[in-house]
Each structure stands twice: as structure tokens, then as C-alpha cells.
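Take a look at the structure below.
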Amino acid sequence: MSYQHQYADGTHIHFPLGKVVCIGRNYAEHAHELNNPIPTEPLLFIKPGSCVVPADGGFKIPAERGAVHYETEIAVLLGKALSTQPSEEEVLDAISGFAPALDLTLRDVQARLKEKGLPWELAKSFDGACVLAPFVAAGTFPDLTDIPVRLTLNGEVRQDGSSALMLNPIVPMIQHMAAQFSLLAGDVILTGTPAGVGPLASGDELVLELPGTLRVQTRVL
Ligand code: ZN
């Protein structure tokens, strides 16, 4: 299925999908639930644009590659390029929207890679590994340190977080990312998952929310 950025009100977004820059262990409770230490500096990884699929209509998960975990995250869409040392104002000006997203992870594969100290791509970059809901405009959230995010799975709330709980808040996180490599219009930032991750199975019904703002129903095909 081809993916094109869009706003929840149906407005087309003209810039193309770029890369998806992710941060690991950005919520203390989630680091603890997987028995991981809290990183001393932001743990970054990148999912390729080729792994992005829209949430509408449902999504597929890989079969026979071990557990596939959901990680529900606040996605930030960039509408302008950022590089070197952007100021807080430049970062705020570059943000075009927010959406709930799933950073799907082959957890058994990731555990084997982690054990050997290897990169995570095999666990994080498979086709369909990033499920993106449509975006709401950046101005929807005047306070980026208080954006709620929630996942309801088969009628039960499994993840209920807020950017208030992030170890690296959104703006300094993006400043740090841009200091490592250029970010471009159309890139998406996944800001880490709150506690409550777990496996998905075919037929699961999911509701992805930025509570009070956006609610998207989807399912595992
Ligand atoms: Zn994640």
C-alpha cells in the first residue's frame, strides 16, 4: 500500500515521506518494563520511509518471525529542513503536525540483536513496521510538553502516556537529532513509547488516540 502524508481533515500534505527518526527508551517506565537501563544520552535509530503504512483500513504484521510488539508513540511531522544546531524557535517553526503512530518491533529478533550488540534494523525496518495515523496541525498543541497519547487494544487501554513523561522532551530531542544528521521536510520523528508494550495478533482491534484531539481505529489484518 502506498503512503502519502495527510492531515486528519483530509488536507493533502505536499512534501514526500522521508525517513522516520526514532528515539528508544524515552520513558523511564518503558525502559524498566523491558529491563533496560535509562540511556545517558538519547538512543536514536532510523526506520526507512519504505516501512511506513497508513493506519486506515488495517495493517499486516510479519508471520513466523517471532513476537511483533506494538509501541504507541507521538509522531511529529517536519515541514522544514533542520540541521547543525537549530534553535528552539527553528524547531517549533519546522513542526507541521502530530499524530499517533505505531513503532512495530520484532521483539524476539531485537532481543537477539541486543544480546550481540548488533544494530536493530532487522527488528525495526520490515515493510509495515511504522503505522502512521493522519496528522493534526502543529498549532493544535500549544504546549509540546503535555501531549497525551493512548492505545486501546481489543477494548482495553494498554498504553496511556503523555509527552510530560518523556526523558528527552520533543524540542530538545529534535535539536539533538538535527545535530547528528540533517532532518528534511517530510521526515517523521517517533518520540518513544510509554509503558505497556505487548504483542499483536491477527484480528486485533486497535484505537490510536491523541486523546481529546484525534481518534483512529485500525486492525491487524
Ligand atoms: Zn519505539
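Which of rounded, prolate, oblate describes the stretch 1-99, given a ≥ b ≥ c as roots of the alpha-carbon gyration tensor eigenvalues and a/c under 1.5 marking rounded, otherwise prolate only if a/b is larger than b/c? Intermediate results must be reported in sequence, preceding the final value.
On the way: a/c = 2.11, a/b = 1.10, b/c = 1.92.
Cα axes put the stretch 1-99 in the oblate bin.
Arrange the peptides 60-73, 15-28 so that the one whose residues have, on average, the most other Cβ atoms within 10 Å appears first. It would help to have the intermediate numbers written out before the result.
Working: 60-73: 17.7, 15-28: 20.9.
Highest-to-lowest ranking by the protection proxy: 15-28, 60-73.
Which residue fluctuates most in the GNM of the chain (Cα springs below 10 Å): ASP103, ASP160, ASP56?
ASP56
Return the sequence-ordered ³J(HN,Hα) values of the stretch 167-184 in whole Hz as given by the Karplus equation 6.51 cos²θ - 1.76 cosθ + 1.60 applied to θ = phi - 60°, using x for Gly and Pro.
Running phi through 6.51 cos²θ - 1.76 cosθ + 1.60 with θ = phi - 60° gives 6, 10, x, 3, 5, x, 4, 5, 4, 5, 4, 5, 6, 8, 7, 5, 10, 10 Hz.
Enumerate lysine pairs in the chain that are 8 or more residues apart or on different chains, then count those whose Cα atoms are under 18 Å apart.
9
Mind checking the full-extension length gain between LYS114 and ALA63? Use 0.36 nm per residue of separation minus the Cα-Cα distance, one decimal, nm.
Working: separation 51, 0.36 × 51 = 18.36 nm, distance 2.12 nm.
Between LYS114 and ALA63, full extension yields 16.2 nm more.
By the gyration tensor of its Cα atoms, with a ≥ b ≥ c the square roots of the eigenvalues, what is the shape of the stretch 157-196: rounded for a/c under 1.5, prolate for a/b over b/c, or oblate?
Details: a/c = 3.32, a/b = 2.00, b/c = 1.66.
Because a/c hits 1.5 or more and a/b exceeds b/c, the stretch 157-196 counts as prolate.
Please give me the summed charge of the neighbours of GLY49: other residues whose Cβ is under 9 Å from its Cβ, Lys and Arg +1, Asp and Glu -1.
On the way: positive: LYS19, LYS47; negative: ASP187.
Combined, the nearby Lys, Arg, Asp and Glu give +1.
With θ taken as phi - 60° and the coefficients 6.51, -1.76 and 1.60, list the Karplus ³J(HN,Hα) couplings across the stretch 81-93 in order, rounded to whole Hz; mark glycine and proline as x.
With the stated coefficients, the stretch 81-93 comes to 6, 9, 8, 6, 10, x, 6, 4, 5, 5, 5, 4, 5 Hz.
Could you give the accessible area per residue of the stretch 1-131, probe 1.4 Å, as a whole number in Å²?
Counting only protein heavy atoms, the per-residue value for the stretch 1-131 is 47 Å².
Summing -39500 (n - 2.57) over the DSSP H runs of n ≥ 4 in the chain and dividing by its residue number, what mean residue ellipticity at 222 nm do you reach, to the nearest 500 deg cm²/dmol? All intermediate terms of the calculation are to be shown ahead of the outcome.
Details: 5 runs with 38 residues, N = 221.
Mean residue ellipticity, 222 nm, calculated: -4500 deg cm²/dmol.
For LEU118, what accessible area in Å² do you get when you roll a 1.4 Å probe over the heavy atoms of the protein chains, rounding to the nearest 10?
LEU118 has an accessible surface of roughly 80 Å² with all protein chains in place.
Please report, in debye to the nearest 20, how large the charge dipole of the chain is about its Cα centre when each Lys and Arg carries +1 at its beta carbon and each Asp and Glu carries -1 there.
Values: 15 positive and 25 negative charges, 127 e Å.
Rounded to the nearest 20 debye, it is 620 debye.
With the cut-off at 1.5 for a/c, could you classify the chain from its C-alpha gyration tensor as rounded, prolate or oblate? Each step should come with its number before you reach the end.
Values: a/c = 1.39, a/b = 1.15, b/c = 1.21.
Rounded, because the longest to shortest axis ratio a/c is under 1.5.
Give the long-range amide H neighbours of ALA81: residues separated by 5 or more places, or on another chain, with amide H under 5 Å away, using H modelled in the peptide plane at 1.01 Å from N.
The list, which skips near neighbours in sequence, is ALA185.
So, R0 is 35 Å and r is the distance between the beta-carbons of GLN180 and VAL157; what FRET efficiency does that work out to, to 0.05? Spell out each step's value before the answer.
On the way: r = 35 Å, r/R0 = 0.99.
Working from the Cβ atoms, E equals 0.50.
I need the phi-derived Karplus couplings for the stretch 122-136: 6.51 cos²θ - 1.76 cosθ + 1.60, θ = phi - 60°, integer Hz, Gly and Pro marked x.
Result, rounded to whole Hz: 4, 8, 10, 10, 4, 4, x, 6, 10, 9, 10, 7, x, 8, 9.
For ALA75, which sequence-distant residues (separation of 5 or more, or a different chain) have an amide H within less than 5 Å of its own amide H, given hydrogens modelled in the peptide plane?
Close amide H contacts, sequence-distant or interchain: ALA99, ALA101.
Carbon-plus-sulfur fraction of the accessible area of the stretch 20-219, 1.4 Å probe, in percent? Intermediate values should be presented prior to the final figure.
Values: 4170 of 8310 Å².
Answer for the stretch 20-219 is 50 percent, counting heavy atoms of protein chains only.
State, as an integer percentage, the relative contact order of the chain based on alpha-carbon contacts under 8 Å between residues 6 or more apart. Could you put the intermediate results ahead of the total?
Numbers: 530 pairs, mean separation 70.8, N = 221.
Reported relative contact order: 32 percent.
Where Lys and Arg each count +1 and Asp and Glu each count -1, what net charge lies around LEU82 among other residues with Cβ under 14 Å from its Cβ? Please list the in-between numbers first.
Values: positive: LYS19, LYS80; negative: GLU88, GLU89, GLU90, ASP93, ASP187.
Summing Lys/Arg as +1 and Asp/Glu as -1 gives -3.
Name the long-range amide H neighbours of HIS5: under 5 Å, sequence gap of 5 or more, or other chain; modelled H, no Pro or chain starts.
LEU17
The values are calculated or read from the model by the stated rules, or taken from the named source; none is laboratory data. Here the structure is a predicted model, which is why all the values come from computation and not from measurement. Ideal geometry is used to build each Cβ from the backbone, glycine not excepted, and the neighbour counts take in all protein chains shown. Just so you know, the surface numbers come from the protein's heavy atoms only, side chains and all, with ligands and any DNA or RNA stripped out. Shrake-Rupley method; radii C 1.70, N 1.55, O 1.52, S 1.80 Å.
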